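S.K.: Take a look at this one; I'll ask things after.
The values are calculated or read from the model by the stated rules, or taken from the named source; none is laboratory data. Not measured: the values here are computed from a predicted model. Using ideal geometry, Cβ is built from the backbone for each residue, glycine included, and neighbour counts are taken over all protein chains shown.
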């Protein structure tokens, strides 16, 4: 059990989730090719991917736990520790930084109570991180709140955004 685990691991790939995985795996020539979708399924079911969940993915896909962990840690879209209900990604690449991205990130930290980048707010509702690029340099500063893409975010707009998601 990893340091972030608070309870014994309950298998993810049972019942409906296993049936969904089987449909996905049927699309690929090898089980290994279904690794990224399998990791998404774990994250969708649990909110993050624990070491125990990675071991389960490895077993189901007939891979080594080290291989699965190597893939999961390579991609930034997988949460390897618990995150808040609202996961906020603020683009701080140079074009966005010139347009005030640091102020946007600071405003999210202040108004969510996270305190530090990567930390979860005490109420468990928010996690704020910086990301290198959200692919919208024409609309700085872009922000992702869970799966919602927001453009032209300024520090002044942050309180209203936080209020919207807190409702």
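S.K.: Filter segment 145-155 down to the residues that are without any contact (Cβ under 8 Å) to a residue 60 or more places away in the chain and over 20 Å from residue 97 (Cβ atoms), then identify the one that is surrounded by the fewest Cβ atoms within 10 Å (Cβ to Cβ).
M.R.: 147
S.K.: Something else: Which of the residues belonging to segment 91-103 are in a helix (DSSP H, G or I), touching a residue at least 12 places away in the same chain (Cβ under 8 Å) and either surrounded by fewer than 19 Cβ atoms within 10 Å (Cβ to Cβ) or within 19 Å of the chain's Cα centre (by Cα) (or both)?
M.R.: Within segment 91-103, 95, 98, 103 meet the criteria.
Conditions tested, residue by residue: (1) modelled with pLDDT of 95 or more; (2) in contact with a helix residue (DSSP H, G or I) (Cβ under 7 Å, 6 or more places away or on another chain); (3) in a helix (DSSP H, G or I); (4) buried (at least 16 other Cβ atoms within 10 Å of the Cβ).
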site: 108; (1), (2), (3), (4): yes, yes, yes, yes
site: 118; (1), (2), (3), (4): no, no, no, no
site: 157; (1), (2), (3), (4): yes, no, yes, no
site: 161; (1), (2), (3), (4): yes, no, yes, yes
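S.K.: Separate question: Tell me, which residue of segment 45-90 that is free of Cβ contacts under 8 Å to residues at least 12 places away in the same chain and within 28 Å of residue 106 (Cα to Cα) is surrounded by the fewest Cβ atoms within 10 Å (Cβ to Cβ)?
M.R.: Of everything passing the filter in segment 45-90, 74 is surrounded by the fewest Cβ atoms within 10 Å (Cβ to Cβ).
S.K.: In segment 64-71, is there at least one residue being modelled with pLDDT under 90 and either within 22 Å of the chain's Cα centre (by Cα) or in the same structural domain as residue 133 (by TED's automatic domain parsing) (or both)?
M.R.: Among the residues of segment 64-71, not one is modelled with pLDDT under 90 and either within 22 Å of the chain's Cα centre (by Cα) or in the same structural domain as residue 133 (by TED's automatic domain parsing) (or both), which makes the answer no.
This table checks each residue for (1) farther than 30 Å from residue 141 by Cβ; (2) in the same structural domain as residue 109 (by TED's automatic domain parsing); (3) not in a helix (DSSP H, G or I).
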residue: 8; (1), (2), (3): yes, no, yes
residue: 21; (1), (2), (3): yes, no, no
residue: 24; (1), (2), (3): yes, no, no
residue: 36; (1), (2), (3): no, no, no
residue: 49; (1), (2), (3): no, no, yes
residue: 60; (1), (2), (3): yes, no, no
residue: 79; (1), (2), (3): no, no, yes
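S.K.: Does residue 124 meet the test of being touching a helix residue (DSSP H, G or I) at 6+ places or on another chain (Cβ under 8 Å), part of a loop (DSSP other than H, G, I, E, B) and under 24 Å from residue 79 (Cα atoms)?
M.R.: no
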